[in-house]
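Working notes, beginning with the structure itself.
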Amino acid sequence: MANPQVDDYDYILTAEPARSEVLAGTESDILGFNGQFPAPVIRAKQGQRLRIRFINKLNEPTTIHWHGIRIDVAMDGVPYLTQPPIPAGGEFLYDFVCPDAGTFWYHPHMNSVKQLGMGLVGALIVDESSATPYRDVIIGLKDWRLKSDGTYLPLSLPREAARAGTLGTVATVNGRQQPVIPVPAGQALRLRFLNMDNTRVYTIAVDGREPVCLALDGSPLIPARPFKQEAIGAGMRVDVGLIAPTEPGTEIVIHDMKGRFGVELCRLRTVVEEGAAEKPDKTLLSLPPNPIPEPDLEHAEALSFVFEWQGALSPTSAEGEVNHSFWLINRRAWDSHAGADLPAPLARLELGKTYVIQLHNATPHHHPIHLHGFIFTVLSSDKRDIDPYQCDTILLEKNERATIALVADNPGRWMFHCHVIEHMKTGLMGYIHVA
Ligand code: C2O
Ligand code: CU
Ligand code: CU
């Protein structure tokens, strides 16, 4: 008989064209995991094996990446670097263990402006090995580049790709505009915000009483810190703890704080649940730590990465496609058309060593900078006071310099890129090699 624990964490996942009512009353063409938006939430348990049989029903190749998981590199889902592209009609078995609990996500790593932009993004939740007092509320953020008739505007405009990226026109939470999300009255809630947009920075503000920040990019803050508001760039997550009011029908509004008053993203409304605990736990407990190796700062090696802008248009390809290249890491732009001819890594790291890495955003735009396969510690910044924390993506504002540290304990070639998808497609990408 099959091991039930394995069965519990077995999934079949497809990527396929579908239709979805993103704008109320109009259907749009989307690309959906299992033909759905929002995508199925994949749940795993910390330390246990997760197996996902992925079937590519798109009419083009793809790969699936498990963002934030400290994974075996063979399962990281980056074309050419870690696996051959999965052709249209092909399939691949992703089989890995999730060492850390938290809020993660999954998305393709090919033709990403289109594949992510049209809907291939989903939440991957890894549950703690022991229960926490929280009730989960997933808040998946994604904008769409739609006209009012539900058809698409161009997903990328070169002049925007050379700036902060092309913004969507329709903001959705879990696939709906400004939805009202029912939450159990009186319970401790864990709001798991995921920025699954290609471009936008959301500055999350929660109207509830005394919310706490439980985790950033899935990594717990210990102890939990008071939550004021948090700017999360593309790819980033924040978990907010909150006690839902006991009065049914009470609303908590969640805003994206752009401008003075912000824009409503969604609201939570309390409902009384049958069989709910009479005396719910009213303390907002910190989450348990994940087993991230502690950087040995005294014996660390130094590295530095500088992100720059170059206003260059590379020659037009034979097919007449303009291959723009706007961004550089250490004076090099990633050539997204290079395919199997991999360039040299940005850096070679020795397995097991600690690295202290200077990041310098020498551009006039923000960049959420992401490293695959690791959770790093943010040590300092010249733009804000840092109480060190762990994450997999750091939002660098213009001209910011920050210092991060990590233990190079995971061998392989690991992608390092900006998560503004157009930035990574126009040069802001590379990889490090750990051996
Ligand atoms: Cu969400 Cu290459 O990453
Ligand atoms: Cu990633
Ligand atoms: Cu960027």
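Points to keep in mind about this one:
- Beta bridges by DSSP in the chain, antiparallel share as percent, to the nearest 5: 75 percent
- Assuming charge only on the beta carbon of Lys and Arg (+1) and of Asp and Glu (-1), the dipole of region 158-271 about its Cα centre is about 200 debye to the nearest 20.
- Annotation: region 297-434 has a Kirkwood hydrodynamic radius of 15.6 angstrom, from the mean reciprocal C-alpha pair distance.
- Computed label-point distance, nm, for sites residue 12 and residue 29 using a 7 Å Cα→Cβ extension: 2.7 nm
- Extreme residue, positive dipole direction of region 151-224, given options 213, 195, 172 (C-beta unit charges): 172
- Overall form of the chain per C-alpha gyration tensor (a/c, 1.5; a/b vs b/c): rounded
- The Cα center of region 371-428 and the Cα center of region 196-273 differ in position by 22 Å.
- A crude spin-label estimate for the pair residue 253 and residue 225, with each label 7 Å from Cα along the Cβ direction, gives 2.7 nm.
- Value of relative contact order over the chain, rounded to a whole percent, pairs C-alpha under 8 Å and six or more apart: 14 percent
- Structure remark: mean-square fluctuation, Gaussian network model of the chain, C-alpha springs under 10 Å; the largest value among 351, 13, 328 belongs to 351.
- Annotation: extensible slack from residue 273 through residue 342 equals 19.4 nm (criterion: 0.36 nm per residue apart, minus Cα-Cα distance).
- Computed from point charges on the beta carbon alone (+1 for Lys and Arg, -1 for Asp and Glu), the dipole magnitude for the chain about its Cα centre is near 700 Debye.
- Computed over the chain with a Gaussian network model linking Cα atoms closer than 10 Å, the most mobile of 76, 136, 100 is 136.
- Percent of Cα pairs exceeding the 20 Å cut-off, where the set is region 4-129: 41 percent
- Positive-end ranking of 26, 59, 157 along the dipole of the chain, with charges on Cβ about the Cα centre, is headed by 157.
- Based on C-alpha pairs under 8 angstrom that are at least 6 apart in sequence, region 297-434 has a relative contact order of 31 percent.
- Positive-end extreme of charge dipole, the chain - chosen from 433, 238, 68 (charges on Cβ): 238
Here, each number is a calculation from the coordinates, and none is a lab measurement. Quick caveat: nothing in here was measured; it's all calculated off a predicted structure. Note that we place each Cβ from the backbone using ideal geometry, even for glycine, and neighbour counts take in every protein chain shown.
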